[in-house]
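Below is one structure, written out as structure tokens; the observations come after it.
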Amino acid sequence: MTTQLTLSDLDVSDGTAMVVDVVSDGSQIGDGFRDRLIAMGLRKGKTVKVLRKAPAGDPYQVRVGSTTEIAIRKTEAKLVLISKS
Amino acid sequence: MIVASSASSVQTKNKIPRIVFIGQPNTGKSTFFNTVTKSNAGVANWPGLTVDFMQANLDNNGKTYEFVDLPGIYDLEGFTEDELVVQKFLENYNFDLIVCVINASQIDRQILMPLQVQRLGLPCVLMLNMADEVKRFGVKINTKELSETLNMPVFTISAKYGSGCVLAIQGIWDKLQTIDDSYKCSDIANFFRSNKVTDNDMDEVCKIGVEMPSEDVTTFSNRLDSILLNRVVGLPIFFISMLAVFLAIWFVGMPLQDPVGNFTDWLQGAAIEPSLSFLPKGFSDFIINGPYAGFAALLGFVPLVAFFFVVMTALEDSGYLSRAAYLMDALMRAAGLDGRGFVLQLFGFGCNVPAIMGTRTIRSKTQRLLSILIIPFALCSARLQVFVFFLGIILPGIVGGFALWLLYIISFVVAFVLAMIFNLSGQFKSKDPFVIELPPYRTPTFKQVALNVWSEMTTFVRNLAIFMIIGTCITWYLTNYPGGAEGMNTYAGRIGTFFQPLMAPLGINPLLTVSLIIGFVAKEVQLAAVATMYGLGEGSDALKTTLGGVITFRQGFSYCLFSLLYVPCLTTVATIWGETKSARFTIFSVTVSMVVAWVVAFGFYQSWGLIFS
């Protein structure tokens with residue numbers, strides 16, 4: 001049994017991974033976070049790729065799908081469940 | 001497709017049909033709005049809504065139509081401040097047509113909002129903006145198929161370069177001819193809880209008419225990022241470019257104030273004084289040194305603030321500002337802010353006013369308030385004049401330069417530490433996730449920059465004029481009354497004396513206290529006030545000698561510290577009020593800065609006394 005990978009585990013060298021799910025803690029704020037992430041394109045079936053990490057190792061620059069690029073903090077990246085291809 | 005009629009209801013037809021623009025942030029929605037309304041829009045205040053937005057009336061075929069540009073949002077069903085504003089608008093005001101603008105190069109995720117509008121059963125025209133980027137990315141969209149699937153007219157445009165806009169605008173007029181009703185929504189958030197637009201719905205639509213490019217392409221922006229966001233040289237490049245911006249504001253923006261000052265002086269001498277000569281001396285004196293002085297001071301700010309916005313807008317449009325936020329995020333997180341907060345604080349060193357206005361780009365309200373709270377501590381160019389003068393007296397030569405540098409450091413440290421404290425208190429805890437878009441690098445166009453600066457500046461003058469005029473009227477009264485009084489006998493002087501028990505422990509004498517009170521209006525007049533109180537010419541050698549004789553380093557530096565940290569100027573206070581629309585927050589902000597100024601100056605003055613006496 002392996003632990004569920006999240007976007008925060010992904011490295012630049014890992015290349016492209018697939019979003020499996022975006023989770024929320026069930027609170028209204030948590031749902032709001034999730035909806036924002038989804039609106040940014042982080043939804044099931046989309047590919048993600050860490051392009052680089054900021055000088056302090058956080059936040060990440062991530063490509064979502066093919067034409068969206070975002071900066072996301074590690075804490076928020078933990079909400080994005082992924083599977084490596 | 002199910003259309004739930006419960007979410008939107010048909011209303012009596014609006015006399016003036018209302019067309020509402022919606023879309024995600026950074027889609028060029030407002031640029032297109034400006035194209036449609038031919039830049040005739042003004043800011044409008046809607047009862048019950050906390051945010052102002054642009055509105056314009058247009059005539060077509062002898063009929064008037066109203067166009068409204070709602071704030072950019074990610075999601076119609078969310079509950080961030082802007083999303084609630086949009087929902088509230090659609091729930092409280094009847095409208096006739098929705099114009100939805102999306103960045104078509106990201107249609108795979110931006111299709112969400114058109115689908116939501118369709119589900120609400122509202123009439124809509126869809127604009128696929130950024131046609132140029134669509135081409136560059138190699139995204140393929142079959143607009144005919146898309147239009148049929150969504151059951152709404154679809155147009156491809158480039159709002160930035162104008163292509164396709166004529167057809168699209170005609171499309172809006174054509175669609176309006178076919179609509180016989182007005183609409184209004186009810187409880188949008190609740191509706192979507194049971195009628196959510198799912199991932200599947202989005203994929204379905206995209207499967208039919210959209211082809212996205214490969215995920216592995218390396219774009220021009222990627223190549224540029226590998227230098228500008230590089231782990232080693234990224235930060236140095238950022239600091240050098242910020243220094244360049246700061247120097248530009250210093251060498252280009254500041255001198256721009258002089259011609260305006262000369263003009264208002266000239267106007268005063270050539271037109272206003274002669275035309276008021278029929279009035280009693282006291283009354284014309286009031287008009288010139290009260291309301292007119294306030295208006296002139298505000299006008300003097302305009303070139304600097306406008307120049308600042310030119311730079312800011314160009315940086316924002318280029319996409320570099322988002323990258324700066326990415327680079328500086330780690331440091332600012334400790335203070336409960338993000339990278340954007342750092343950029344704004346830096347701009348505050350030029351002038352606090354536009355930096356506070358710039359906090360609009362921060363979406364979380366609490367985080368925005370925290371930024372607004374600490375920006376006034378940034379050592380702005382106006383305060384610099386005070387320090388250059390005083391440090392020249394108490395610390396002549398190169399040591400003064402170091403002291404000035406120290407004041408800059410203190411300015412940033414105080415702001416940073418305060419943000420940390422307020423963040424820990426929990427009151428300003430950010431409820432926004434830090435996820436920001438890093439758009440591709442874009443060339444800012446003259447038209448876009450000019451439009452934005454123009455709209456910012458008209459807002460600036462309109463919002464602040466009344467504050468400046470009231471402020472200078474009060475100062476005029478305090479320094480001229482009771483009748484015949486001068487210097488310490490005026491109300492201002494009496495206030496200075498009254499505050500002595502509070503200011504003496506800081507080593508600040510009554511005369512300088514008065515200058516601080518007057519400096520509240522603007523730091524530019526603080527030095528003039530010192531001169532007036534000592535009865536000597538502003539900046540004259542006599543004044544310098546006199547001050548040098550009566551003020552010790554300990555007193556002078558304490559005065560500088562207080563000047564650095566207390567309320568910067570009336571314009572800043574007015575801006576805080578204008579941006580937050582909260583008297584309570586404005587008073588809180590003023591109180592915080594007064595307390596901090598007092599504590600720091602007290603700490604310095606007393607400990608210096610303990611160490612060196």
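The values are calculated or read from the model by the stated rules, or taken from the named source; none is laboratory data. Please read these numbers as outputs of a predicted model, since none were measured by experiment. Note that each Cβ is placed from the backbone with ideal geometry, even for glycine, and that neighbours are counted across all protein chains shown. Just the protein is used for accessible areas: all its heavy atoms, side chains included, with ligands, DNA and RNA removed. Shrake-Rupley method; radii C 1.70, N 1.55, O 1.52, S 1.80 Å.
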TODO: Using amide H atoms built 1.01 Å from N in the peptide plane, name the residues 5+ places from residue B:18, or on other chains, whose amide H lies under 5 Å from its own.
DONE: B:66, B:96, B:97
TODO: With unit charges on the beta carbon (Lys/Arg positive, Asp/Glu negative), name the residue among B:330, B:267, B:355 whose Cα is farthest towards the positive pole of the charge dipole of the range B:250-397.
DONE: B:330
Task: For the range B:8-211, average projected area of the Cα convex hull in nm² - done: 10.7
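About its Cα centre, how strong a charge dipole does the range B:190-300 have in debye, to the nearest 20, once Lys and Arg get +1 and Asp and Glu get -1 at the Cβ? Walk me through the numbers on the way to the answer.
On the way: 6 positive and 12 negative charges, 69 e Å.
Here the size comes out at about 340 debye.
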- [ ] Provide Rg and Dmax in Å for the range B:462-552, with only Cα atoms included in the calculation.
- [x] 13.7, 45
Task: Unsatisfied cross-links (Cα-Cα over 26 Å) in the set B:15/B:196; A:44/B:140; B:29/B:365; B:13/B:447 - done: B:15/B:196; B:13/B:447
- [ ] Please work out the FRET efficiency for the pair residue B:281 and residue B:16, using the Cβ-Cβ distance as r and a Förster radius of 45 Å; give the result to the nearest 0.05.
- [x] 0.30
- [ ] Grab the eigenvalues of the alpha-carbon gyration tensor for the range B:174-292, scale each by 5, take roots, and send me the semi-axes largest first in whole angstrom.
- [x] 57, 36, 15
- [ ] Among B:475, B:592, B:526, pick out the residue whose Cα is farthest towards the positive end of the charge dipole of the range B:467-612, where Lys and Arg carry +1 and Asp and Glu carry -1 on C-beta, about the Cα centre.
- [x] B:592
Open item on the list: Place a point 7 Å from Cα of residue A:83 in the direction of its Cβ. Which residues in the range A:17-45 have their backbone N less than 15 Å from it?
Closed with: A:17-22, A:44-45
TODO: Please list the radius of gyration and Dmax for the range B:334-389, considering alpha-carbon atoms only, with Å as the unit.
DONE: 11.7, 40
Open item on the list: Given N residues in chain B, what is its alpha carbon radius of gyration divided by 2.2 N^0.38 Å?
Closed with: 1.10
Task: Virtual spin-label span in nm between residue B:494 and residue B:132, 7 Å along Cα→Cβ - done: 6.4
TODO: For the range B:8-211, build the charge dipole from Cβ charges (+1 Lys, Arg; -1 Asp, Glu) around the Cα centre, then report which of B:197, B:117, B:11 sits farthest towards its positive end.
DONE: B:11
Task: Per-residue average of Cβ from other chains inside 10 Å of A:37-49 - done: 5
Task: Spacing of the two label points (7 Å from each Cα toward its C-beta) at residue B:208 and residue B:64, in nm - done: 4.0
Task: Student exercise, the protein assembly as shown dipole from Lys, Arg, Asp, Glu Cβ charges, in Debye to nearest 20 - done: 600
TODO: Find the eigenvalues of the gyration tensor of the Cα atoms of the protein assembly as shown, then list the square roots of 5 times those eigenvalues as equivalent ellipsoid semi-axes, largest first, in whole angstrom.
DONE: 50, 31, 21
Task: Debye intensity ratio in log₁₀ form over the Cα atoms of chain A, taken at each q of 0.11, 0.14, 0.16, 0.22 Å⁻¹ - done: -0.25, -0.41, -0.54, -1.03
Task: Ellipticity estimate at 222 nm from DSSP helix runs (n ≥ 4, -39,500 (n - 2.57)) divided over the protein assembly as shown, nearest 500 - done: -17000 deg cm²/dmol
- [ ] With a cut-off of 12 Å, note down the residues of the range B:465-507 whose backbone N falls inside the zone around a label point 7 Å from the Cα of residue B:546 toward its beta carbon.
- [x] B:487-488
- [ ] Might you tell me the accessible area per residue for chain B, computed with a 1.4 Å probe and given in Å²?
- [x] 42
Open item on the list: Helix check for chain B. Which DSSP H runs span at least 30 Å along their own axis by Cα, with a mean Kyte-Doolittle hydropathy no less than 0.0?
Closed with: B:293-318, B:398-424, B:446-480, B:583-612
Task: At R0 = 22 Å, FRET efficiency that the Cβ-Cβ distance of residue B:584 and residue B:44 yields, to 0.05 - done: 0.30
Task: Area projected by the alpha carbon convex hull of the range B:282-424, averaged over all directions, nm² - done: 11.5
Task: Buried solvent-accessible surface, both chains (A, B), 1.4 Å probe, Å² to nearest 100 - done: 3800
Open item on the list: What figure, in Å² to the nearest 10, do you get for the accessible area of residue A:44 with a 1.4 Å probe and non-protein molecules left out?
Closed with: 130
Task: Calculated diffusion of the range B:467-612, Stokes-Einstein form, Kirkwood radius summed over Cα pairs, 25 °C and 0.890 mPa s, µm²/s - done: 153
Task: Cα-centred dipole magnitude for the range B:467-612, charges only on beta-carbon of K, R (+1) and D, E (-1), debye, nearest 20 - done: 300
